[in-house]
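Presented below is the structure to which this report refers.
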Amino acid sequence: MGTSELDNIASMVRLAKTGDKEALSLLIEATQDRFYKFIFGVTGNKHIADDVCQESYLRALEHLDKLRDDSKFISWLYRTGKNAFLDHLKQRSNKNVSINDTDLNDARNLGSEAVDNIIYINQVLQSLGEEERMVLLAVDMEGNTYAEAAELLDITEEAVRMKLFRARKKFVENFETSKEHVSSIKWENENEFKKGI
C-alpha cells in the first residue's frame, strides 16, 4: 500500500471517528476487497470468510475511537480479523474444520489444469497451521514486506521470517503430495471408466 493510499485511509478514519457516515462507507469500500481476500485465504471458506469479515468490521468500527494512530487502521483491521477467525475456531470446538468450499463457478472460463491448481492450492493452504497460513498470505499473496506482515499480524519480523520459511517449505511439500494424490485418483477413475466400456 502506497503512502498516499495510507494517508487517504487515515483521513477517512479521522472523519469516520467524527460520525461521518460517508467517510465510514468509503473506508469500508477502500479496504474490503484486500481484507476479504486475506480472510478468505486464511479460512478457505466463503461463508466463514463472510462471517469473519463482517465480525471484524463490526468490532473495528465499534472501537474505532480507541485507534490512536489513524494511519494504522489496516494493521488494526487485520489483527481484528485474525482474532475474529481464532474466536470462530474456538466456537466451533473442532479446529479441523473441513474447508473445501472453493467457488468453482468463478473458474468456469479456466482450463481444467487451472481449476485443479486452484483446488490444490486451497487444500494445501488449509493443511497449514493458522499462523503459517496467515504469514504466507500476508507476504506472498498480499505482497507485504516482513515488517508490514509483522505489524499486520502483531508478531516480530523474526517470527515472520521463521513462520514464512516453515510455511513455504510445507506448502511446496504438501502441494506436490496433493497433486500426486489427485492425479492417482484421476488415473484410477479413468481406468475404471475404460474397463466399463
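The values are calculated or read from the model by the stated rules, or taken from the named source; none is laboratory data. Only a predicted model underlies this, so the values are computations on that prediction, with no experimental measurement involved. Here Cβ is always computed from backbone atoms with ideal geometry, including for glycine, and neighbour counts include all displayed protein chains.
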Task: Where a residue in segment 62-88 is assigned by TED's automatic domain parsing to the domain that holds Leu6 and its partner, wherever it lies, is part of a helix (DSSP H, G or I) and of a type in the set (Ser, Thr, Tyr), with Cβ under 7 Å and at least six apart - done: Ile74/Thr31; Leu77/Thr31; Leu77/Ser56; Thr80/Ser56; Gly81/Ser56; Ala84/Ser56; Phe85/Thr43
Open item on the list: Can you pull out every residue in segment 124-151 that is surrounded by fewer than 19 Cβ atoms within 10 Å (Cβ to Cβ), in contact with a helix residue (DSSP H, G or I) (Cβ under 9 Å, 6 or more places away or on another chain) and not polar (S, T, N, Q)?
Closed with: Gly129, Glu130, Glu131, Asp140, Met141, Glu142, Tyr146, Ala147
Open item on the list: Quick test of your reading of the structure: Leu137 fulfils all but one of (1) hydrophobic (A, V, I, L, M, F, W, C); (2) within 16 Å of the chain's Cα centre (by Cα); (3) outside any loop (DSSP other than H, G, I, E, B); (4) modelled with pLDDT under 85. Name the failing condition by number.
Closed with: (4)
Task: Test set (1) modelled with pLDDT under 60; (2) surrounded by 14 or more Cβ atoms within 10 Å (Cβ to Cβ) - Ser112 fails condition number - done: (2)
- [ ] Just name the residue that is farthest from Ile39 (Cα to Cα) out of those in segment 154-181 that are crowded, with 17+ Cβ neighbours inside 10 Å, in contact with a Phe, Trp or Tyr (Cβ under 7 Å, 6 or more places away or on another chain) and in contact (Cβ under 8 Å) with a residue 40 or more places away in the chain.
- [x] Ser178
